[in-house]
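This report concerns only the one structure given below.
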Amino acid sequence: MAASANKPAPTADWSLTAGSSTWNKLFDRYYRKKELYAMEWGDDIDLSKMLVSGSRFAGPIAMIRDDRKVSLIGANATLRPTLTIHSCSGRLLASIPWKGPRLAEMGWTDYERLVCVSEDGLVSMFGANGRLVHTFTMGPECKEEGV
């Protein structure tokens, strides 16, 4: 009897209950995702072909077409990439024609400034409204070697 006292208590497998197809197991917990609303940018944006960065706490989302990935460009699209900033629901906040070198990475600061680092070491910071706040370079070494 002492051996059975060390056994963990059986747990219910909630995935077997009726209507549980929306529940997923993550380790010993169950969760589900509910769609609260549809994104306002529609179906014409393929996030798998974009460089995307989302700010914390349901802040803005920045994206630019990743030209390292093969993608079909529509008839009304331009060849030059455009950096777009959207609200967390997908509403367009800003659209910035990207004139700089290819982006290596981008991310958001705690103060909701978008930091864009290009492959030659140029760093550009934008506000959530798309206004350029600050630009600097990481030096000639980054320009020669790349980021």
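The values are calculated or read from the model by the stated rules, or taken from the named source; none is laboratory data. Keep in mind that what you see is a predicted model, and the values were worked out from it rather than measured. Quick reminder, even Gly has a Cβ in these numbers, built from the backbone with ideal geometry, and neighbours come from all protein chains shown. Areas reflect the complete protein model, heavy atoms only, side chains present, ligands, DNA and RNA absent. Shrake-Rupley method; radii C 1.70, N 1.55, O 1.52, S 1.80 Å.
Observations
- Residue check, Gly146 surrounded by 12 or more Cβ atoms within 10 Å (Cβ to Cβ) and modelled with pLDDT of 90 or more: no
- For the stretch 116-140, a residue qualifies if it is within 24 Å of Ser87 (Cβ to Cβ) and outside any strand (DSSP E or B), and the qualifying residues are Gly127, Ala128, Asn129, Gly130, Arg131.
- Looking across the stretch 60-77 at every residue that is more than 14 Å from Asp44 (Cα to Cα) and modelled with pLDDT under 90, the one that is most open to solvent (accessible area, probe 1.4 Å) is identified as Val70.
- Residue list for the stretch 15-33, filter: part of a loop (DSSP other than H, G, I, E, B), modelled with pLDDT of 85 or more and not hydrophobic (A, V, I, L, M, F, W, C): Asp28
- Condition check for Arg68: free of Cβ contacts under 8 Å to residues at least 40 places away in the same chain, in contact with a strand residue (DSSP E or B) (Cβ under 8 Å, 6 or more places away or on another chain) and farther than 24 Å from Leu36 by Cα: no
- Enumeration of residues in the stretch 119-140 that are touching a Ser or Thr at 6+ places or on another chain (Cβ under 9 Å) and open to solvent by less than 70 Å² (accessible area, probe 1.4 Å): Asp120, Gly121, Leu122, Val123, Ser124, Met125, Ala128, Gly130, Val133, Thr135
One line per residue, one yes/no per condition, for (1) open to solvent by 40 Å² or more (accessible area, probe 1.4 Å); (2) assigned to a helix (DSSP H, G or I); (3) in contact with a Gly (Cβ under 8 Å, 6 or more places away or on another chain):
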| site | (1), (2), (3) |
| --- | --- |
| Ala58 | yes, no, no |
| Leu79 | yes, no, no |
| Thr84 | no, no, no |
| Cys88 | yes, no, yes |
| Ser95 | yes, no, yes |
| Glu105 | yes, no, no |
| Glu112 | yes, no, yes |
| Cys142 | no, yes, yes |
